[in-house]
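Here's the structure, in structure tokens; my notes come after.
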């Protein structure tokens, strides 16, 4: 194997967006620090923001009576390509 074969190939720029919807109990309802990150409820990854909002809203409304439960939308495409 040559050195050239072991080098990573840079990914081509993409316009794909990915949104992670997740939630769990937080230490403070005004913050985003989760009590037990290992037990987060991962709703899913969505390629469309509107679909992510629908999933977030359904889960947030389901747990509306629990002030310690918080669901969030994370734009993971921004983490994958932070220079954009």
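Numerical summary
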item	result
Stretch gain in nm, segment residue 51-residue 16, where the contour uses 0.36 nm per residue and the Cα spacing is subtracted	11.2 nm
Extension gain (nm, one decimal) between residue 78 and residue 30, 0.36 nm per residue minus Cα-Cα	14.9 nm
Per-peptide average of other Cβ atoms within 10 Å, ordering 34-46, 51-63 highest first	51-63, 34-46
Relative contact order of the stretch 16-84, pairs being alpha-carbon contacts under 8 Å that are 6 or more residues apart, as %	45 percent
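Where a number appears in this text, it was derived from the coordinates with a stated rule and is not lab data. Computed from a predicted structure; not experimentally measured. When we count neighbours, we look across all protein chains shown, and the Cβ atoms used for this are built from the backbone with ideal geometry, even at glycine.
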